[in-house]
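Note sheet for the following structure.
The values are calculated or read from the model by the stated rules, or taken from the named source; none is laboratory data. Fair warning: this is a prediction, and the values are worked out from it, not measured in the lab. Counting neighbours? That spans all protein chains shown, and the Cβs are built from the backbone with ideal geometry, glycine included. To get the accessible areas, we keep the full protein, side chains included, count just its heavy atoms, and leave off ligands, DNA and RNA. Shrake-Rupley method; radii C 1.70, N 1.55, O 1.52, S 1.80 Å.
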Amino acid sequence: MTAAMQREDRSVESLRGARRVAVIGAGGLGNPVAVALAEAGVALRLVDDDRVELSNLPRQVLFTTADLGRPKLEAARDALVQRFGAEVECVTGRLDATNRDALIGEVDLAIDATDDPAARFLVNDWGLAKGRPVVIGGVHRFLGMVFAHAGHGPCFRCLFEEEGPEVETCAAGGVLGPMAGWVGHLMAERALALLNGDRDTGYLTTLDGLRRRARKVRLPDGCDHAPVSSPRKPMAAIHIKIPASLRKFVANLDTVDVESEDVRGALDALEARHPGVKSKLCDDSGNVRRFINIYANSEDIRFLDNLETRLVDGAELQIVPAIAGGWY
Amino acid sequence: MAGAARVIGCGRAAEECATYLAAAGVGRLVLEAPLREALEGRLAELNPDVRVVDGALDAIDVLPESATSRADGARAALDALVVLCGATSPGPWRWT
Ligand SMILES: [Zn+2]
């Protein structure tokens, strides 16, 4: 850090430790978003399932040639910890309607940095369902956009129809690196403003990097999307009991609470929370390993419906290794 | 990419600007000494083809001194790339 940056520090409002933000996507938009939030002291929950490729490097500036082939989550976390001492939680996965809440998690604000049209609506709806703010961004060649809502309408659905013509995504359309960087930093600025209590939302910012034009387009008040925003009914709360030998894979917890309606979903939610742990329980084809026993409310799931065993609210899922050693 | 850019300043805007110019492949960068010291290693890892040089007669100046945020820095890098690619003769930014 240069002396000039240290002087600037005095004017950067610190949110260290106070706020947790989910950043969906660790690519061209997610990189600058994560940098700006980490620098402001926000705890990050990064969600992504991609690996670093050579073609990413011109616009994904957290990564270097040494990161090629690594999961983006790992490479981003290492860079953010090294540069800013950031608190970073990594969640491996791609957002869809079935895993939305599990992947986004319990955060104060969610940012869609995937530049994927479907993910924008999922993040938008999560914010409406939880009453929490979201920021959504997009970039295509020299054009960019930033939108935010504060947990209520006007929302992203007030602007765009989900079943519209196919929108070219960032990866497909080609993106100029600094354009993604600029949009990403503006997204982070909106997020920090929202976390600091700013409630001036309900407008879309459009950016044209070639014509050097930025526009603020205000939406009319009102939004009737909130009542239908939740993609499914709330799921059962499941308590997963972790044996001592597996706790190192789940941040030393003895119980992990997840939401699911069956055993398979509970294990997926566990994996989303603590990436890597499922491979200790299930083999490559997804079946429970022979030396692992799983009990749903004290019943061995092999004598029930195995991974499809339904779970009721408050159910206890106990994981018991049959033999010790040799599997981690 | 042929061409060179001189990044003015040593703050966050300058750091972000230089980072995006290097990643985009601007071949030669002129940086002020403190920023060069802090950033040269990372820029080499980011894009081994970029050279940080003491000076370049053909370098365009990038970044107004008033710029302080990383957003300003990325936008200045964008403006510089537009100029270096000869895409247009950019006028001032308009916010409406
Ligand atoms: Zn709406």
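Structural remarks
- Residue mean of other protein chain beta carbons inside 10 Å, A:179-188: 6
- Annotation: amide H of A:ARG213 within the under-5 Å range of A:ASP208, B:ARG94, sequence separation 5 or more or interchain, hydrogens built in the peptide plane.
- Accessible area in square angstrom per residue, the protein assembly as shown, 1.4 angstrom probe: 45 Å²
- Just checking the listed ones, A:ASN99, A:ASN252, A:ASN124: in the Gaussian network model of chain A with Cα springs under 10 Å, the one fluctuating most is A:ASN252.
- Distance (nanometres) between label positions extended 7 Å along Cα→Cβ at A:ASP221 and A:ALA237: 3.7 nm
- If you bin all the Cα-Cα distances of chain A at 20 Å, starting from zero, the percentages per bin are 30, 54, 16, 0.
- Counting only other chain Cβ atoms within 10 Å of each residue's Cβ, the peptide A:209-222 averages 3.
- Net +/- balance of residues flanking A:GLY137 in space, Cβ distance below 13 Å, scoring K and R +1, D and E -1: -2
- The residue among B:ALA24, B:ALA67, B:THR96 whose Cα reaches farthest toward the positive pole of the charge dipole of chain B, with charges on the beta-carbon of Lys, Arg, Asp and Glu, is B:THR96.
- With R₀ set to 25 Å, the beta-carbon distance separating A:ARG289 from A:ALA97 gives a calculated FRET efficiency near 0.30.
- Cα shape, chain B, gyration tensor, a/c 1.5 rule: oblate
- Rounded to whole numbers, the Karplus 3J(HN,Hα) couplings from phi for segment B:25-39 are x, 5, x, 10, 10, 10, 10, 5, 3, x, 6, 4, 5, 6, 10 Hz, using 6.51 cos²θ - 1.76 cosθ + 1.60 with θ = phi - 60°, and x at Gly and Pro.
- Counting only other chain Cβ atoms within 10 Å of each residue's Cβ, the peptide B:74-84 averages 6.
- Relative contact order of segment B:4-84, defined on C-alpha pairs under 8 angstrom at six or more residues apart (%): 44 percent
- Estimated D of segment A:236-321 in µm² per second, where Rh is the Kirkwood radius over Cα pairs and Stokes-Einstein applies at 4 °C, 1.567 mPa s: 104 µm²/s
- Taken about its Cα centre, chain B carries a charge dipole of about 240 debye when Lys and Arg each add +1 at the Cβ and Asp and Glu each add -1 at the Cβ.
- 3J(HN,Hα) along segment A:125-135, derived from phi through the Karplus expression 6.51 cos²θ - 1.76 cosθ + 1.60 where θ = phi - 60°, amounts to 5, 4, x, 5, 5, 9, x, 10, x, 9, 10 Hz, with x in place of Gly and Pro.
- In chain A, the sites counted are GluC sites (Glu not before Pro) in DSSP loop states with at most 14 other Cβ atoms within 10 Å, and the longest stretch holding none of them, exclusive of the sites, is A:169-328.
- Farthest toward positive dipole pole in segment A:3-218 [+1 Lys/Arg, -1 Asp/Glu at C-beta], among A:LEU194, A:ALA79, A:VAL33: A:LEU194
- With a Förster radius of 30 Å applied to the beta-carbon distance between B:VAL83 and A:ARG83, the computed FRET efficiency rounds to 0.55.
- Carbon plus sulfur fraction of accessible area for segment B:1-88, probe 1.4 Å, in percent: 49 percent
- B:MET1 exposes around 100 Å² of accessible area when a 1.4 Å probe is run over every protein chain in place.
- Under the convention that each Lys and Arg Cβ holds +1 and each Asp and Glu Cβ holds -1, the size of the dipole of the protein assembly as shown around its Cα centre is about 580 debye.
- Here the simple spin-label model places points 7 Å from the Cα toward Cβ, and for A:GLU259 and B:TRP93 these points are separated by 3.9 nm.
- Bridge type composition, chain A - antiparallel percent by DSSP, nearest 5: 60 percent
- Förster radius 45 Å - calculated FRET efficiency between A:GLU106 and A:MET1, Cβ distance, rounded to 0.05: 0.90
- Inter-part distance where segment A:272-307 and segment A:47-126 are each reduced to a Cα centre, Å: 27 Å
- Backbone HN-Hα couplings from phi across segment A:313-321 [Karplus 6.51/-1.76/1.60, Hz, Gly and Pro as x]: 4, x, 5, 10, 10, 10, 9, 10, x
- With a 1.4 angstrom probe, the accessible area lost at the B-A interface totals about 3200 Å².
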